1. State the number of residues belonging to region 361-408 that are polar (S, T, N, Q) and surrounded by fewer than 13 Cβ atoms within 10 Å (Cβ to Cβ).
2. Only strands (runs of 3 or more DSSP E) wholly contained in region 44-136 count here; list those with 2 or more residues that are farther than 24 Å from ALA162 by Cβ.
3. Taking ILE116, is it under 27 Å from the mean Cα position of the chain (by Cα), assigned by TED's automatic domain parsing to the domain that holds THR45 and at pLDDT 95 or above?
4. Identify, please: which residue in region 282-307 is more than 15 Å from GLY333 (Cα to Cα) and without any contact (Cβ under 8 Å) to a residue 12 or more places away in the chain and is, among those, surrounded by the most Cβ atoms within 10 Å (Cβ to Cβ)?
5. Does GLU328 fit the bill of being out of contact with any strand residue (DSSP E or B) (no Cβ under 7 Å at 6 or more places or on another chain) and either more than 30 Å from THR266 (Cβ to Cβ) or among the hydroxyl-bearing types (Ser, Thr, Tyr) (or both)?
6. Only one of (1) farther than 22 Å from GLY28 by Cβ; (2) assigned to a helix (DSSP H, G or I) fails for LYS202. Which number is that?
7. Taking ASN190 as the residue in question, decide whether it is under 24 Å from the mean Cα position of the chain (by Cα), of a type in the set (S, T, N, Q) and either buried (at least 21 other Cβ atoms within 10 Å of the Cβ) or within 30 Å of ILE13 (Cα to Cα) (or both).
8. For LYS303, state whether it is assigned to a helix (DSSP H, G or I) and not assigned by TED's automatic domain parsing to the domain that holds SER166.
Amino acid sequence: MCIDLPSKVDFIINKLIDSNFEAFIVGGSVRDSLLNITPKDWDITTNALPFDIMSIFPNSIPTGLKHGTITVVIEKEHFEVTTYRVEDEYKDFRRPSFVKFVNSIKEDLSRRDFTINSMAYNHTFGLVDPFNGRKDLSLKNITCVGDANKRFNEDALRMLRAIRFSSQLNFEIDKSTLDALIKNNSLIKNVSKERITEEISKLLLSKSPDKGITYLSSTSMIYSLFGTDLYDIDNLINSIKVSKHHLGIRYSLFIYYLFKDNKDITISILDKLKLDKKTLNLILNLNLNKDCYNKLLSRYDIKVFINKIGLDYFTDYLYFEEIIAKSEDHKEGICKIKSINKQLNDIIENGEPLTLKDLKITGNDIKSLGVPSGKDIGITLNKALDIVFKNPELNDKNYLISILKDTI
């Protein structure tokens, strides 16, 4: 077999070999290449020590010297080159307190999480696969290297990675690995919320999110993560599968079905995740306004609601409600949302005002009427906006000034 290596990766490997060292691509790049997936990263492992690597490649950065990782820079492109190592004495179920550099590629591969990630390759030796990772690829299995209980106690994040890989690759988790995951799922509490968020995000955007969600539930991992079980897993899976490939939307659906009808918990549980502000605000706007569409009985109601949450959030909100209504076969809800969407399109096509910036008058115009600076200007502008919400044709500077004079 032959894996087609990028020229710069091939150059790094050959330069190390020419310097009397071993060097291989390793881990995910081998796995993905064997699955005909283009690797995102090309990690390289070698028996050269870190200072040897820096000597061979003067344009390099000691990014992880303690763990043997040197970043080699070629034409502004970065490649991680790591010395063979073994790890021991893991602390806090996450990080090794002891790293030892070794001279054997098999020893290095033995410390890795899953067999499908424990393969190495170069053009000279071909595939190095001491733990039958290629067989597990063909069987579509996620299997720990060695004792699964030991692997998960070393690094509890590996449990969530197993579930995430099953989603991304549409693989099954091997029984012994799954049994160990169920036994040790409570250890996930030792993992940082940043790493948990990263894994769940990848799961939700994966090829088969339904598989990952099912494993989260059946292993009780969801309970260890969030303190609750998935009681409506079928509708969650249905909604995620038909939703667009959008992280904020999928997280909103995930959170909704976790804490259905409990908005207080929704707010508190989001603190257990490390989401960017944009995604977090979307989840909050969608979940905290759940079912508010039932109160949007007129164009005026729609405009007031848009002004409250913003047009972008509103379109995502309607999409969120529509996905849930369809997943739950809520025909009345589907009809209502369709009607609101039609009215929204009419409002936008007609250019009807939706926010203060759409008004034909400004804060300075209000000042000229003798209104003092501060919140009184905002109150007066909102009066004007309410007028044009009801009658868009009245959005005229002179007309609004004449009307507002009588209210000041």
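The values are calculated or read from the model by the stated rules, or taken from the named source; none is laboratory data. The shown structure was predicted, so the numbers you read here are calculated from the model rather than taken from an experiment. Cβ atoms come from the backbone with ideal geometry, glycine included; neighbour counts cover every protein chain shown.
1. Let us first name the residues in region 361-408 that are polar (S, T, N, Q), namely 362, 364, 368, 373, 380, 382, 391, 395, 398, 402, 407.
Keeping just the survivors that are surrounded by fewer than 13 Cβ atoms within 10 Å (Cβ to Cβ) gives 364, 368, 373, 391, 398, 402, 407.
Number satisfying all stated conditions: 7.
2. Numbers: elements: 44-46, 60-64, 69-74, 77-83, 85-91, 95-101, 120-122, 126-128.
Of the strands (runs of 3 or more DSSP E) lying wholly inside region 44-136, those with at least 2 residues that are farther than 24 Å from ALA162 by Cβ span 44-46, 60-64, 69-74, 77-83, 95-101.
3. Values: under 27 Å from the mean Cα position of the chain (by Cα): yes; assigned by TED's automatic domain parsing to the domain that holds THR45: yes; at pLDDT 95 or above: yes.
Taking the combined requirement at face value, the residue satisfies it.
4. ASP301
5. Details: out of contact with any strand residue (DSSP E or B) (no Cβ under 7 Å at 6 or more places or on another chain): yes; either more than 30 Å from THR266 (Cβ to Cβ) or among the hydroxyl-bearing types (Ser, Thr, Tyr) (or both): no.
Answer is no for this residue.
6. (1)
7. Working: under 24 Å from the mean Cα position of the chain (by Cα): yes; of a type in the set (S, T, N, Q): yes; either buried (at least 21 other Cβ atoms within 10 Å of the Cβ) or within 30 Å of ILE13 (Cα to Cα) (or both): no.
When the stated conditions are applied, ASN190 does not pass them.
8. On the way: assigned to a helix (DSSP H, G or I): yes; not assigned by TED's automatic domain parsing to the domain that holds SER166: yes.
So LYS303 fits the description; yes.
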